[in-house]
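Nothing in this text is a laboratory measurement; each read-out follows from the coordinates by a stated rule. For clarity, every value in this text was computed on a predicted model and none was experimentally measured. Positions of Cβ are backbone-derived with ideal geometry, glycine not excepted, and every protein chain shown enters the neighbour counts.
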Amino acid sequence: MKVSLDTNVLLWLIVGDDEAQQQTAAETLERAELVAISVQALCEFVWVLDRSYRVARPDISASIRRILDMRNVVANRPTIEAGQAVLDAGGDFADGVIAFDGQWLGGETFVSFDRKAAKLVEGQGTPTLLLE
């Protein structure tokens with residue numbers, strides 16, 4: 001079976017506050033021939049871990065790495081790695097994803113009102129324009 005995961009499956013797999021659902025999620029992933037994980041699911045995953053569970057950013061990043069290291073997982077790794085670079089630098093995963101995807105689509109400069117996001121994205125080598 002080839003599956004595409006909803007964010008809640010990723011959360012149950014990592015959070016483990018319901019052992020039965022964690023077990024079901026793990027077994028489903030182990031049995032699958034292919035596990036597709038969208039960037040959007042990971043953006044939501046990071047947001048929920050950060051805002052609802054108050055998980056530290058280094059632990060969130062480690063969780064993403066563990067998921068991506070599974071033998072059968074396919075994902076847009078370059079975009080995810082861009083998100084992780086900003087997350088690891090203390091910013092928002094989604095800001096790194098947005099900047100990377102914008103470049104991929106032909107945008108040359110990341111534009112934001114968010115001072116921290118602009119600084120961190122610029123630190124990853126992307127030209128930025130901070131709006132005031």
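Before moving on, here are some points about what is shown:
- Pair list, Cβ under 6 Å, 6 or more apart: region 80-99 residue more than 14 Å from residue 62 (Cβ to Cβ), other residue assigned to a loop (DSSP other than H, G, I, E, B): 85/124; 99/126
- Residue count for region 1-26 under the criterion of being basic (Lys, Arg) and either crowded, with 18+ Cβ neighbours inside 10 Å or part of a loop (DSSP other than H, G, I, E, B) (or both): the result is 0.
- Scoring residue 131 on the criteria (1) exposed (fewer than 14 other Cβ atoms within 10 Å of the Cβ); (2) among the aliphatic types (A, V, I, L, M); (3) within 15 Å of the chain's Cα centre (by Cα); (4) over 29 Å from residue 22 (Cβ atoms) leaves a single failure, condition (3).
- Residues of region 32-56 that are among the small types (Gly, Ala, Ser), touching a residue at least 24 places away in the same chain (Cβ under 8 Å) and not in a helix (DSSP H, G or I): 32, 36, 38.
- Looking only at region 57-71, and only at residues there that are under 17 Å from residue 9 (Cβ atoms) and assigned to a helix (DSSP H, G or I), the one that is farthest from the chain's Cα centre (by Cα): 66
- Exactly one residue out of 99, 75, 85 is of a type in the set (A, V, I, L, M, F, W, C) and under 12 Å from residue 42 (Cβ atoms), and it is 75.
- Residue match in region 81-92 (condition: assigned to a loop (DSSP other than H, G, I, E, B) and among the aliphatic types (A, V, I, L, M)): yes
- Counted residues, region 59-78 - those being crowded, with 18+ Cβ neighbours inside 10 Å and β-branched (Val, Ile, Thr): 3
- Top-ranked residue in region 100-117 [being in contact (Cβ under 8 Å) with a residue 12 or more places away in the chain and in contact with a strand residue (DSSP E or B) (Cβ under 7 Å, 6 or more places away or on another chain); ranked as surrounded by the fewest Cβ atoms within 10 Å (Cβ to Cβ)]: 115
- When 50, 17, 6 are checked against the criterion of being out of contact with any Pro (no Cβ under 8 Å at 6 or more places or on another chain) and within 26 Å of residue 123 (Cβ to Cβ), 50 stands alone in meeting it.
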